[in-house]
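Dumping the structure here so I can ask a few things about it.
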Amino acid sequence: MNAFENWFCGTSFWHRVTERTILPWMLNGYSLGDSVLELGAGPGATTEELRKRAKRLTSLEYDHNFAAKLGARFSNTNANVLQGDAAALPFPDDSFSSVIAVLVLHHLKSPERQERAFAEIHRVLKPGGVFLAFEIKDGWLQRFGHIKSVFVPISPSSISDQLTSFGFSEVAVESKGSSFRVCALRSREN
């Protein structure tokens, strides 16, 4: 992420938007279950809100500094913060009832890394578990906001087929303005 993204995602404004708008929309109609994996914790706005809604939360953050700060902030809580890569998840198969990714997928360095992340998410989800993502569409403003940052946009029109190819079912994609949510289930059959 660039300096602007780091700053913005740490503001109280972003925390309120996450709490009041993004998470309610993402979670509408879905249950987190008892064990949640958050990908791309960043400064922790989503982490803070998810730990209020989950029995057990594991947050994975690629950036070592963010992971260390969040780990200290959430020590002795129901949230465990680890440094790691969404495309190489350090967890056993069938570990989580849900996986959440807020503005993470477009920060993976290539479509191949995104596909590897989809395979990994499917692998660590328990049968019947849900993958929920919030993403932004491609556009000039989004590209401008990601100058000196990784921006590999995912198309809302193609993500359903991508996820289905990795074994997800009941994939739903819903757009609002320049953003969209993705909801996909891991089949109950192995």
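Each reported figure results from applying straightforward, stated rules to the coordinates on display, with no laboratory input. Given the structure is predicted, the values throughout are model-derived calculations rather than measurements. All Cβ positions, glycine included, derive from the backbone under ideal geometry; neighbour counts span all protein chains shown.
Among the residues of region 81-95, is there at least one that is outside any loop (DSSP other than H, G, I, E, B), in contact (Cβ under 8 Å) with a residue 60 or more places away in the chain and either under 23 Å from L32 (Cβ atoms) or in contact with a Cys (Cβ under 9 Å, 6 or more places away or on another chain) (or both)?
The answer is no, given that none of the residues of region 81-95 is outside any loop (DSSP other than H, G, I, E, B), in contact (Cβ under 8 Å) with a residue 60 or more places away in the chain and either under 23 Å from L32 (Cβ atoms) or in contact with a Cys (Cβ under 9 Å, 6 or more places away or on another chain) (or both).
Regarding A88, is this residue surrounded by 16 or more Cβ atoms within 10 Å (Cβ to Cβ) and either under 11 Å from the mean Cα position of the chain (by Cα) or of a type in the set (G, A, S) (or both)?
No: the conditions fail for A88.
Restricting region 30-51 to residues that are among the small types (G, A, S) and more than 11 Å from the chain's Cα centre (by Cα), which is nearest to F96 (Cα to Cα)?
S35
For G33, are the conditions met, namely being touching a strand residue (DSSP E or B) at 6+ places or on another chain (Cβ under 8 Å), surrounded by fewer than 21 Cβ atoms within 10 Å (Cβ to Cβ) and among the small types (G, A, S)?
Answer is yes for this residue.
Among the residues of region 75-127 satisfying the criterion of being in contact with a Ser or Thr (Cβ under 6 Å, 6 or more places away or on another chain) and among the β-branched types (V, I, T), which is nearest to K148 (Cα to Cα)?
V102
Hey, does region 64-79 have a residue that's closer than 17 Å to V182 by Cβ and crowded, with 22+ Cβ neighbours inside 10 Å?
For region 64-79, residues closer than 17 Å to V182 by Cβ and crowded, with 22+ Cβ neighbours inside 10 Å: absent.
Also: Between a first residue in region 107-127 that is surrounded by fewer than 20 Cβ atoms within 10 Å (Cβ to Cβ) and a second residue that is assigned to a helix (DSSP H, G or I), which pairs have beta carbons less than 8 Å apart while being 6 or more apart in sequence or on different chains?
Listed pairs, sorted by first residue: E115/Q162.
If we only count strands (runs of 3 or more DSSP E) wholly inside region 108-188, which ones have 1 or more residues that are within 27 Å of D94 (Cα to Cα), of a type in the set (F, W, Y) and in contact with an Asp or Glu (Cβ under 9 Å, 6 or more places away or on another chain)?
Output list reads 179-186.
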